[in-house]
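Q: Provided herewith is a single structure, encoded as structure tokens, for subsequent inquiry.
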Amino acid sequence: MPGSGTIVINGKPYEEVITRPEYRRQIMQPFLATDSVGKYNVVIKVEGGGTTGQSGAITHGIARALAEIDEKFKPLLRQHGLLTRDARAKERKKPGLKRARKAPQYTKR
């Protein structure tokens, strides 16, 4: 929504929730790419994962919202790789193994 540029995550200012400067920069990337810093208020609800995953999800959500607001932003965001979802997920445990890839220790005798 157009506004003063405040970012609220789970009811708190984003400076309180996201403490690492590199994650803050990551969250601001969609605004910098579209030259719309301070033009929109953002209210975010995020849960699960860690701060790294959450900051990535927030960045992706903001980029998708900006693309929805103005179609001219879409090529800029795509060029910066902000509209591509991170498809990595935890690999499933395989039968006969301890974890996804860790095998039981081999004993010769």
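Q: GNM, the chain, Cα, under 10 Å: largest mean-square fluctuation among Ala57, Ala33, Ala87?
A: Ala87
Q: Suppose R0 equals 30 Å. What FRET efficiency, 1/(1 + (r/R0)^6) with r the Cβ-Cβ distance, do Arg88 and Arg109 give to the nearest 0.05?
A: That pair, Arg88 with Arg109, gives E of 0.15.
Q: Right, something else. So which residue, out of Gln29, Gln79, Gln54, gets the largest mean-square fluctuation from a GNM of the chain using Cα contacts under 10 Å as springs?
A: The residue that fluctuates most here is Gln79.
Q: Could you give the longest part of the chain that holds none of the GluC sites (Glu not before Pro) found in DSSP loops with at most 13 neighbouring Cβ atoms within 10 Å?
A: 1-46
Q: Got a sec? Which residues in the stretch 65-109 would a label at Glu22 touch, if it sits 7 Å along Cα→Cβ and we count backbone N under 18 Å?
A: It comes to 86, nothing else.
Q: Continuing with the same structure: Assuming R0 = 35 Å, can you tell me the calculated FRET efficiency for the pair Val46 and Leu97, based on Cβ-Cβ distance, to the nearest 0.05?
A: So, using R0 = 35 Å, E works out to roughly 0.60.
Q: Quote to one decimal, in nm, the extra length available between Gln79 and Val37 on full extension: 0.36 nm per residue of separation minus the C-alpha distance between them.
A: Stretched fully, the Gln79-Val37 segment lengthens by 13.3 nm.
Q: Sticking with this structure for a sec: Write down Rg/Rh for the chain, rounded to two decimals, with Rg from the C-alpha atoms and Rh from the Kirkwood relation over Cα pairs.
A: A ratio of 1.19.
Where a number appears in this text, it was derived from the coordinates with a stated rule and is not lab data. Fair warning: this is a prediction, and the values are worked out from it, not measured in the lab. Ideal geometry is used to build each Cβ from the backbone, glycine not excepted, and the neighbour counts take in all protein chains shown.
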